[in-house]
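The values are calculated or read from the model by the stated rules, or taken from the named source; none is laboratory data. Remember, predicted model here, so these are calculated numbers, not experimental data. Here the Cβ is made from the backbone with ideal geometry for all residues, glycine too, and neighbour counts use every protein chain on show. Side chains included, ligands, DNA and RNA excluded: accessible areas come from the protein's heavy atoms. Shrake-Rupley method; radii C 1.70, N 1.55, O 1.52, S 1.80 Å.
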Amino acid sequence: DAPRPGDTPHSRVSPSPQVCWLAPEQTAGKQKPYMYTQGQAVLNRSFFPCFDTPSVKCTYSATVEVPEGFTAVMSATSWEKQKDNTFIFKMSQPIPSYLIALAVGDIVSADVGPRSRVWAEPCLIEAAKKEYDGVIEEFLAVGEKLFGPYVWGRYDILFMPPSFPFGGMENPCLTFVTPCLLAGDRSLVDVIIHEISHSWFGNLVTNATWGEFWLNEGFTMYAQRRISTEVYGLAYTCLEAATGRALLRQHMDNTGEDHPLNKLRVVIEPGFSLFLGVNPDDTYNETPYEKGYCFVSYLAHLVGDQSKFDAFLQAYVNRFKFQSITADDALGFFLEYFPELKEKGVDSIPGFEFDRWLNTPGWPPYLPDLSPGEQLMKPADELAELWAANSLNMEAIEAMDITAWRTYQLVYFLDRVLQKSPLPEGNVERLSRMYPKISKAQNAELRLRWCQIILKNNLEAEYSKVKDFLHSQGKQKYTLPLYRAMWGGSESARALAMETFSATAPQLHINVQNYVKKILGLE
């Protein structure tokens, strides 16, 4: 709003999805208020005056004054605290406006590596330190080996309040992440690998328009899975990628394959206003991530040699660093780097034309081979099959030991059980008793699937688990599928949806509140 008499010439901001003002009850500590900004995709225009397009990059500095007892952090390469609770920030590398981010709250930090610390509310800092001590440096070092120098100096992580609607936001030097990642067993660190990968793909080489978001996300998914393969091996990475592919399948089944958003190059009206054209935030879905990953994998498949493709990725980052590019720039450079492929006309192989990848909606023409994951998938498939039977073969079920299964193997198993649901009468109750590791899990990925299974099987005895999970966090990717499942379920499931939403709405991000209202027909 306009400056008021006596105001210093600072920006004044009203509550909005861009600048989130949280009441104490929306934080983990529940004692003090909190504020943070979310710039992606086109939200920072209401935080400060800027060219709010990813095609423009600049450096920035900021002076932030906060009340006593609060700390400010920003996506900046340097910061210093001065007297009177004033913080000075500088970002010395050029970045697009959407990556400028600020958070202010009762937050403290702990070192977890030579160039990394975790930031969190005091009640979460021990858990954050324990979960991430030592692991971040390993991921950064592998990333540097694969993609070239890490140019941002520090890589810190800020654990956000539970109402934060995303898994992570790759703000340079300071990734914002959901506290759901504090699983207690390091089982969800792949989200951090994804955000670290953005340090090269997205933050260093950036899509020039939001219509080609796959340049940020498809390359980042590929980079994430390269790092994961180096650190955790091929079988585990293929299993994680299979989970991603299942999400893409689910998304395309929901929207219909030929939905215009299911292309890599999405038409976002030029010069749209948030009220007229398509808001880039409404185009958020699995396609740029997983179909984008398939396209980058297809390029690697054309090259046919992993080390040569790794070298190409380094050259690509080096060629376009600190720039914003289009798909034509990226693919042009690919063909220039591999003249023998250009010679062969790989951009126009029938059925796999680059143009078709970019402009035709639908399932990816090429799928990378995930068969190395089968050693982990096969037992999960077999076990799901056993639990879906009309009469349970308990001997065979008990012979399968799942104690050593890692999160993604359990997630894969639960996805299979969900696909086969509703199960025959009584099976889900027995499954719940047999595997407390699943039905009493604290891990958010497992909790999401278990809640979906409860709803698909209308297991009213465990409805409280759905309610508890939705009370504990407000991440969009967990919240919306559960409201969709409740609304598509029985009368009692719909009642649960209404009751839970009226209790939790104030602690949800405004966008998530609006999406849930749409699902529940409260618009």
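Table: residues versus (1) open to solvent by less than 60 Å² (accessible area, probe 1.4 Å); (2) closer than 20 Å to residue 385 by Cβ; (3) not basic (Lys, Arg).
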site	(1), (2), (3)
440	no, no, no
453	yes, yes, yes
476	yes, no, yes
482	yes, no, yes
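Considered as a group, the residues in the range 40-77 that are loosely packed, with under 14 Cβ neighbours inside 10 Å and of a type in the set (Gly, Ala, Ser) include one that is farthest from the chain's Cα centre (by Cα), and that residue is 69. Please verify whether residue 474 is in a loop (DSSP other than H, G, I, E, B), under 24 Å from residue 160 (Cβ atoms) and in the same structural domain as residue 424 (by the TED database), treating the condition exactly as stated. Against the criterion (in a loop (DSSP other than H, G, I, E, B), under 24 Å from residue 160 (Cβ atoms) and in the same structural domain as residue 424 (by the TED database)), residue 474 qualifies. Scan the range 117-134 and give yes if some residue there is closer than 30 Å to residue 326 by Cβ and modelled with pLDDT under 95, otherwise no. No: the range 117-134 contains no residue that is closer than 30 Å to residue 326 by Cβ and modelled with pLDDT under 95. Residue 377 passes every criterion in (1) surrounded by fewer than 16 Cβ atoms within 10 Å (Cβ to Cβ); (2) touching a residue at least 40 places away in the same chain (Cβ under 8 Å); (3) not in a loop (DSSP other than H, G, I, E, B) apart from (1).
Residue 415 fulfils the conditions (1) of a type in the set (Asp, Glu); (2) buried (at least 17 other Cβ atoms within 10 Å of the Cβ); (3) without any contact (Cβ under 8 Å) to a residue 12 or more places away in the chain except for a single criterion, (3). Looking only at residues in the range 192-211 that are part of a loop (DSSP other than H, G, I, E, B) and over 13 Å from residue 170 (Cβ atoms), the one that is least open to solvent (accessible area, probe 1.4 Å) is 208.
Based on what the data block shows, is residue 189 closer than 16 Å to residue 230 by Cα, open to solvent by 10 Å² or more (accessible area, probe 1.4 Å) and at pLDDT below 95? Considered against the rule, which asks whether it is closer than 16 Å to residue 230 by Cα, open to solvent by 10 Å² or more (accessible area, probe 1.4 Å) and at pLDDT below 95, residue 189 comes out as no. In the range 19-39, of all residues being in a loop (DSSP other than H, G, I, E, B) and closer than 18 Å to residue 168 by Cβ, the one that is most open to solvent (accessible area, probe 1.4 Å) corresponds to 28. In the range 471-492, the residues that are closer than 11 Å to residue 508 by Cα form Cβ pairs under 7 Å with partners that are open to solvent by 40 Å² or more (accessible area, probe 1.4 Å) and polar (S, T, N, Q), at six or more places apart or across chains, as follows: 474/507.
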